[in-house]
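Let me begin by presenting the structure, written as structure tokens, before commenting on it.
The values are calculated or read from the model by the stated rules, or taken from the named source; none is laboratory data. Here the structure is a predicted model, which is why all the values come from computation and not from measurement. Ideal geometry is used to build each Cβ from the backbone, glycine not excepted, and the neighbour counts take in all protein chains shown. Protein only, heavy atoms only, side chains kept; ligands, DNA and RNA dropped before computing areas. Shrake-Rupley method; radii C 1.70, N 1.55, O 1.52, S 1.80 Å.
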Amino acid sequence: MQGRLFFFRNAVLVLPTILLIAALTVVVAISFGSAGHALLHKRDPRSQFSWLLTCLLVPIAGPLFYLAFGVNRVETRARKWQARGLFSRGRLLDGHRSSVAQLRDAYPDMEEPMLSLLKLSKRVTGKPLLTHNRVELLQNGDETYPAMIQAIDSAERYVFLMSYLFVGDAVGKSIAEALVRAGERGVDVRVLVDAIGSRVGRKPIRNYLEDKKGVRIEYFLPMSLGRRMFLLNLRNHRKILIIDGLKGFTGGINIAGDNLHTSKPKHPIQDLHFCLEGPIVHSLEEVFSEDWCFRVGNDTWPTPPPVVAAGEALCRGIKDGPNEDFETLQWILIGALSCSRESVRILTPYFIPSRELISALGAAALRGISVQIILPTKSNLAVVDWACNAMLPEIIDQGIQIYRQPAPFSHSKLVVVDDFYLNIGSANLDPRSLQLNFEFNVEIYDPALARTLSEHHQEILAKSTVVTAEELRKRSLALRLRDSIAKLLSPYL
């Protein structure tokens, strides 16, 4: 009896020690496991080192933080289905694929470096440059929303809409009502909204669209307790509307009342959007199909119509995101900067360029190219502005001209090279857009449109204020320290 009591008494004393050792073993295993993952999967040595220290020196919280914000790769089932051709539109585009020889014929004055850019873009995107497109510029919600509603009301077969923000305000409700009308006519209506963006505003758009006849609405990467709970940092920032495979809209405009200036919103936002017709619409549709299937699984799709020639613009769709093997858009932008011969004009709301992009911009400026970048005087994200301020002196020292555009806040995204090449879409020039978000841009070869947008850039520049490195360096120590601390967070802003 005494021996049994001795055994139990010792077991009670030893058990906490065993549990503590087991818990420490688990913590150490998780720390080293996450550190090993960072070591194997992070491409930038600086990122590898910082995550290594975070995972090893901050028990439990460090690995959890890494899982939430450091794991920025996602495999989509849709990629596999697309590879098997289950919703590929490629067969429809055979007569509209442009070759370098065709481009030489269309633009005999095109310089050799720009032809090299065509090859680079083809290699990193795997997509052809498409002929016979028409691209129309739309400014702010005042031009964009009526055009979208009119297009939805004209739909006969299908409407596919994807947006980061779809706010249930008066503007959102008007577009939702157009979608409901289309569904009631028997049109196949599918809406894909980012799960985080859909929560912006007091009235979620699902209140207007869910359970409506003919309308299906899904949310991209919704919050859950499963494996995807660690993918909250990866958002779908694409803005795409497709009407019957014949007309498409893309650019930077979300669906929210702040973009409609005639309604005199409290915080107005300036932005650019584009209406596209021609073969490029099938590129938009392919991206929507891939994202939709990533969310819901394999699905049936209406047969797309034959490709219709609509204009003279040459276009290529550029999808970028954490499911791509390359940082596609950054490669193409660097290529375009390297090919510049006269001017580079950029509009972007957020400017936190990578070291590679800074080098490409600097190299262009040092070659004598006029590089002009217009930023908002104040964006809607203060911490991004602070990080940007910390980087600007070095950038300006390389001969790049930086300007601040006065209010209202400009959310426009635009790159114009030599008044000939355009890159438009949803992506900003920051790490979130170029590495974390799912984005969609279009590169366009259209001299007439490029000149129009170059003139638009110059009109804004005439109202803007030049930023000097000296004024940034003369600011108080407190402000410069604040900005430098924000810069440390720049990979995830």
Among 290-296, 460-466, what's the highest-first ranking by average C-beta atoms within 10 angstrom per residue?
290-296, 460-466
Divide the volume of the convex hull of the Cα atoms of region 135-268 by its number of residues and quote the answer in cubic angstrom per residue.
115 Å³
Among 155-167, 253-265, the order from most to least packed when residues are scored by Cβ within 10 Å on average
155-167, 253-265
Can you give the accessible area per residue of region 137-275, in Å², using a 1.4 Å probe?
41 Å²
Starting from the Cα of Lys203, move 7 Å in the Cα-to-Cβ direction to define the label point; list residues of region 133-172 whose amide nitrogen is under 12 Å from there.
167-172
Would you kindly work out the equivalent ellipsoid of region 239-380 from its C-alpha gyration tensor and give its semi-axes, the square roots of five times the eigenvalues, largest first in whole Å?
30, 22, 17
Semi-axis lengths, Å, region 117-210, gyration tensor of Cα atoms, sqrt of 5 times eigenvalues
29, 18, 15
Protein accessible area in region 372-467, 1.4 Å probe - carbon and sulfur %
55 percent
So how do 467-475, 281-289 stack up, highest first, on mean other-Cβ count within 10 Å?
281-289, 467-475
I'd like to know how region 349-493 sits against the 2.2 N^0.38 Å rule of thumb: what's its Cα Rg over that expected value?
1.04
For region 412-472, the dipole about the Cα centre with charges only on Cβ (Lys and Arg +1, Asp and Glu -1), to the nearest 20 debye, works out at 180 debye
If you roll a 1.4 Å probe over region 313-359 with all protein chains in place, what percent of the accessible area is carbon or sulfur?
50 percent
Could you tally the net charge around His237, taking each other residue with its Cβ under 13 Å from the Cβ of His237, Lys/Arg +1 and Asp/Glu -1?
+1
